[in-house]
Amino acid sequence: MNILHITEELSKKNYSISSLVIFLSKYIENKKKIKHIILATKLQKSIFNDSSKIILVKENYFSNIRKINFKIKNLIEKSDVVHIHGVWKWINFIGFYYCIRLSIPFFIHTHGMLLENALKNKNIFNYLIKIFFLKIYKLMSTKKINFISITPKESKSIYKHFKNAIVHLIPNPVPIDVKNKNVKLNNNFVYFGRIHPIKNLFLMIEAFDRANLSDLWKLNIYGIKDDSDYYQKIIDLIKTKRNIFIKKPIFLKEKLKILSTSWVNLLLSKSEVLSISVLESAALGLPSLVNKDIQINRFRLNGGVITNTDIKSVVKNIITISKWSTASRNKRGKQLNKFINKYYSIKVISNRYLELYNSLLKLKKSICH
């Protein structure tokens, strides 16, 4: 079987989707000998250095439409199943178009992009453009579209815009394959992710500041600058705060080391499906304080901490977390590591994808015959 993944870019800006695509495809290919090709517009080799199965097309689509279209059409034509990651970029749209035209089985993996907060994360003009493109998608397809969602909430958001959709619910896997080790912990709260309004960083910073912890405690924000204006506002905000720092984004082994030695990971996003950083943290025995809307079943029962996103609740939780004993903190970490590996390991989740790919391929063969 030949699987083609189509995504915007493999980069630090698009790290969550990128790591999922590469880790998942590599694991399935090694275990099941199923060929995977990844089509993208950009590759940051310093982060994703395994480029053996990655094919790039120019970011500027309109610079050479005919050549790029031919390349994409040719790749899709040779594929048994196409897995489209994302909705809004031109490469997603062109991939969708040729799958429809060539009758190639495909999935659209929305990665939380159709959640209401994600749709409205900019301005009204941007929102209306997105709604327009969703109508185009519906008009182009005469059959039901197969979608992949990460949580039940995301499934509902897909059905809202595509009434006749076929939605397959598959959680994100942990995009790392490491053994948890006993390490010396420090007193750091950490955040990994984009510097963007949807991530609720103002709330995180203000809450940590109001918790008024001792100088032993720090909040380190390892942020990817995704919104320049918002980034500058964050920089200006922390000038008056003590023990809060903006750090350059880190990846791979450097990131895993920070995650495994920190006290707690923070994620208070306004819109979140199943965060890669929370999964990575749990796999490394790092508890997370998360927005109550995050959809990980039994997360609180297995060592995680869930909060309302009003300032009073977040402050209270940060203070409580800082008072954990080392033994209590380590116990939570071990609980989370066991829980995440049982339900969200790459072995468990990859089997779900394989079933999906095979079912779509069988359906196509039955129709053809």
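The values are calculated or read from the model by the stated rules, or taken from the named source; none is laboratory data. This structure is a prediction, so every number in the text was calculated from the model and none was measured. Heads up, the Cβs are rebuilt from the backbone with ideal geometry, glycines too, and the neighbour counts pull from every protein chain shown. Just so you know, the surface numbers come from the protein's heavy atoms only, side chains and all, with ligands and any DNA or RNA stripped out. Shrake-Rupley method; radii C 1.70, N 1.55, O 1.52, S 1.80 Å.
The trypsin sites (Lys or Arg not before Pro) found in the stretch 94-137 that occupy coil by DSSP, while having at most 16 further C-beta atoms within 10 Å, are Lys120, Lys122. Using θ = phi - 60° in the Karplus curve 6.51 cos²θ - 1.76 cosθ + 1.60, the 3J(HN,Hα) couplings for the stretch 11-24 round to 8, 5, 5, 10, 4, 4, 5, 4, 5, 4, 4, 6, 5, 5 Hz; x is entered for Gly and Pro. When you have a sec, figure out the Kirkwood radius of the chain from all distinct Cα pair distances and drop it here in Å to one decimal? Radius from the Kirkwood sum: 21.6 Å. Report, in degrees rounded to the nearest 10, the 0 to 90 angle that the Cα long axis of helix 326-344 makes with the longest principal axis of the chain. Orientation of helix 326-344: about 10 degrees from the principal axis. What separates the Cα centres of the stretch 266-340 and the stretch 115-152 is a distance of 30 Å. Kirkwood analysis of the stretch 47-184, using all unique Cα-Cα pairs, places the hydrodynamic radius at 17.0 Å. 3J(HN,Hα) couplings calculated from phi for the stretch 156-165 with the Karplus curve 6.51 cos²θ - 1.76 cosθ + 1.60 (θ = phi - 60°) are, in sequence order, 4, 5, 6, 4, 4, 9, 10, 4, 9, 5 Hz; Gly and Pro show x. Using Cα springs under 10 Å in a Gaussian network model of the chain, which residue among Lys199, Lys241, Lys270 shows the largest mean-square fluctuation? Answer for the Gaussian network model of the chain: Lys241. Candidate cross-link partners of Lys144 among the aspartates and glutamates, defined by an alpha-carbon separation under 15 Å and a same-chain spacing of 8 or more, are absent. Summarising the amide proton neighbourhood of Asn2: residues at separation of 5 or more, or on other chains, whose placed amide H is nearer than 5 Å comprise Asp80, Val81.
Relative contact order of the stretch 226-340: 24 percent, from C-alpha pairs under 8 Å at least 6 residues apart in sequence.
The gain in end-to-end length when the Asn74 to Met1 segment is fully stretched comes to 24.6 nm, 0.36 nm per residue minus the alpha carbon separation. With helices as the sole contributors, the chain gives -14500 deg cm²/dmol at 222 nm; each DSSP H run of n ≥ 4 counts as -39500 (n - 2.57), and the sum is divided by every residue.
For the pairs Lys73/Lys362; Lys31/Lys143; Lys239/Lys338; Lys247/Lys292; Lys120/Lys292; Lys122/Lys233, flag any whose C-alpha to C-alpha distance is greater than 28 Å.
The answer is Lys31/Lys143; Lys239/Lys338.
A cut-off under 11 angstrom between Cβ atoms defines the neighbours of Ile166, and their net charge, with Lys, Arg +1 and Asp, Glu -1, is +2. For the chain, the dipole from Cβ point charges (+1 on Lys and Arg, -1 on Asp and Glu) about the Cα centre works out to 600 debye, to the nearest 20.
Of all beta bridges that DSSP places with both ends in the chain, some 0 percent have antiparallel geometry. Converting phi to 3J(HN,Hα) with the Karplus coefficients 6.51, -1.76 and 1.60 and the offset θ = phi - 60°, the stretch 261-270 yields 10, 7, 7, 8, 9, 10, 8, 10, 4, 6 Hz in sequence order, with x at every glycine or proline. Using a probe radius of 1.4 angstrom, the carbon and sulfur fraction of the accessible surface of the stretch 281-369 is 52%.
One decimal place: the segment Asn60-Asn330 gains 92.3 nm when fully extended, by the rule 0.36 nm per residue minus the C-alpha distance. Simple rule: put +1 on each Lys or Arg Cβ and -1 on each Asp or Glu Cβ in the chain, find the dipole, and look at Val57, Leu39, Val264; the Cα lying farthest toward the positive end is Leu39. For Leu43, the residues whose modelled amide H falls within less than 5 Å of its own, excluding neighbours fewer than 5 places apart on the same chain, are Leu10. Toward the positive end of the charge dipole of the chain, with +1 on the Cβ of Lys and Arg and -1 on the Cβ of Asp and Glu, the farthest Cα among Asn30, Asn186, Asn14 is that of Asn30.
Extension gain for Leu361-Arg242 works out to 37.2 nm (0.36 nm per residue, less the C-alpha to C-alpha distance). Our summary gives the chain a relative contact order of 15 percent, counting only alpha carbon pairs under 8 angstrom and 6 or more residues apart. Note on the stretch 60-207: dipole from Cβ charges, positive end direction compared against Ile198, Ile84, Val174; the farthest Cα belongs to Ile84.
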